[in-house]
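Take a look at the structure set out below.
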Amino acid sequence: MKLVIRGGRIISPGDKVDYVGSILVEDGQIRRISRGLIPLRDALLIRPGKKHPKSFKKSDKIVIDAEGLIVTPGLIDIHAHFREPGREDAETIKTGMMAAAAGGFTSVITMPNTFPANDTQSTTLFILQQAAKLGLVHIFPAGAITRGRKGESLAEIGEMAEAGIVAVTDDGDCVADSMIMRRALEYASDFGVRVLSHSEDTTLSAGGVMHEGFVSTRLGLPPIPPQAETNMVYRDISLSALTGVPVHIMHVSTKESVELIRRAKKAGILVTGEATPHHLTLTDEAVQKSDYDTSTKVNPPLRTQEDVDALIEGLLDGTIDAIATDHAPHTTTDKEQDYVTAPFGIIGLESAIPVCLDRLVGTKRVPLDLLIQKLTAGPADVIGLKKGRLTKGSEADITIIDTGRKVTIDPGKFYSKGRNCPFAGWSLRGAPVCTITSGQIRMIDGRFV
């Protein structure tokens, strides 16, 4: 199949590319990138936002008119929960992949807190085999650091690495034992996989459900102090300094954590960090404003405006390397419990781009090219993926974005099984309109091809 994306503004920060031009894709690879128009004779012309002829699905030559649109490397989410195996009632690999493609993502790192946990080679292979059957997006599994994610002994990291994991984490739980975490860093380094840390001191967070502060006191809800995060962020940075092995801090949420990572980077310690769309745009006030809507219950919890501002500053100065969704679907039944009892988690794959475009770029707090960098080359470099760029000869993973597209967030129309979205009802400007994976159009205007 030959595909030309013509006339869009191509933004690929990892390649230092930002100009209006065209991209030629052939046999799943990028063959040419040009500032001018690339001709393709006898091709079918389609345009996101307009009605497409039914024949385009069978056409082997297509031109996408992208004039006025943004063309980027395929977006990468390095932190998502697909729940399969074990909790297919909350999400499956299929529905998670559909949600990713609908949200403009072409690559996803899936977390190991499944049932059973992804702590063996066989579970890793199962996930990869299920994903390969669909091929909608690239799935890169993360394996567990410890057996059963119990924090007691290391999982078979080497065997999982042979099967195809790209990272290890006990996400959802912290590896509390510092010696086990040290050994995890050392062993993971031997096998070329990155350690992703869920940094949480559970002796401080136990029983808490929201950020400790004025709002939690006013609402009478059990609190989680910011030190529950920062204590472990400091520990993980120290272990990285001790071993000389990179560590990635997941879902950074406090201003103190941002400052710890900033200082560590200046000292030459190999630490990276990510922030989520919800921690970049919401505060603990959302719990009260939503009347205790459990869609606002997440771990780490929504913090203060001061923390939000610090996270955004971290994006701007390079302290925060990536934006990751921490897509965490739950069944409606599970989330309809009271605020204290309901599980933590927010879905994000299908809302992330509109939220970030409208509330970060639209408010001029974050430049568009920087946002794209934090969703492409940034996360790719964190994990060590050969993704996130538009390089001649590379696999053609491409996202097309309409920054003027008006959308209203409606979780009832999501492809994800999850409905636990705190952005429900928000009217936003900007959305992905076409997702291309390995040179194949997978989604256009929210519909699958």
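We did not get these values from a lab; they are worked out from the coordinates using the rules stated. Being a predicted model, the structure only gives us computed values, none of them experimental. For neighbour counting, all protein chains shown are included, and Cβ atoms are generated from backbone atoms with ideal geometry for every residue, glycine included.
Worth a mention:
- Net charge of neighbours whose Cβ lies under 13 Å from the Cβ of K387, counting Lys and Arg as +1 and Asp and Glu as -1: -3
- Residue among V308, M232, Q29 farthest towards the positive dipole end of the chain, charges placed on Cβ: Q29
- The stretch 74-383: antiparallel DSSP beta bridges as a percent of all, rounded to 5: 5 percent
- 3J(HN,Hα) couplings calculated from phi for the stretch 213-221 with the Karplus curve 6.51 cos²θ - 1.76 cosθ + 1.60 (θ = phi - 60°) are, in sequence order, x, 4, 5, 4, 5, 4, 8, x, 9 Hz; Gly and Pro show x.
- At most 14 other Cβ within 10 Å, DSSP loop - trypsin sites (Lys or Arg not before Pro), the stretch 132-209: K150
- Neighbour-count order for E162, E212, fewest beta carbons within 10 angstrom listed first: E162, E212
- Proximal charge balance of A342 [Cβ under 12 Å; K/R count +1, D/E count -1]: -2
- Once the C-beta distance of E26 and S189 is scaled by a Förster radius of 45 Å, the resulting FRET efficiency is 0.75 to the nearest 0.05.
- For the pair V340 and Q440 in one chain, pulling the backbone fully straight at 0.36 nm per residue adds 31.6 nm over the alpha carbon distance.
- Inter-label distance, D410 to S153: 5.3 nm, where each label sits 7 Å from its Cα along the C-beta direction.
- Magnitude of the charge dipole for the chain, about its Cα centre and with charges confined to Cβ atoms of Lys, Arg (+1) and Asp, Glu (-1), is about 2140 debye.
- Ascending count of other beta-carbon atoms within 10 Å, so fewest first, for L302, L219: L219, L302
- Structural descriptor for the stretch 156-292: relative contact order 21 percent, calculated from alpha carbon pairs under 8 angstrom and at least 6 residues apart.
- In the chain, Cα pairs under 8 Å separated by at least six residues give a relative contact order of 19 percent.
- Mean residue ellipticity (222 nm) of the chain, computed from DSSP H runs ≥ 4 via -39,500 (n - 2.57), nearest 500: -8000 deg cm²/dmol
- Using the Cβ-Cβ distance between K386 and K57 with R0 set to 35 Å, the FRET efficiency from 1/(1 + (r/R0)^6) comes to roughly 0.75.
- Cross-linked pairs K150/K297; K133/K335; K335/K364: Cα-Cα separations exceed 26 Å for K133/K335; K335/K364.
- By the Cα gyration tensor, the chain has an equivalent ellipsoid whose semi-axes, rounded to whole angstrom, run 34, 24, 21 from largest to smallest.
- Local net charge near T92, Cβ-Cβ under 11 Å (Lys/Arg +1, Asp/Glu -1): 0
- The mean of 1/r over all pairs of different alpha-carbon atoms in the stretch 235-391, once inverted, gives a Kirkwood hydrodynamic radius of 16.4 Å.
- With 10 Å bins from 0: P(r) over the stretch 158-199, alpha-carbon pairs, percent: 31, 56, 13
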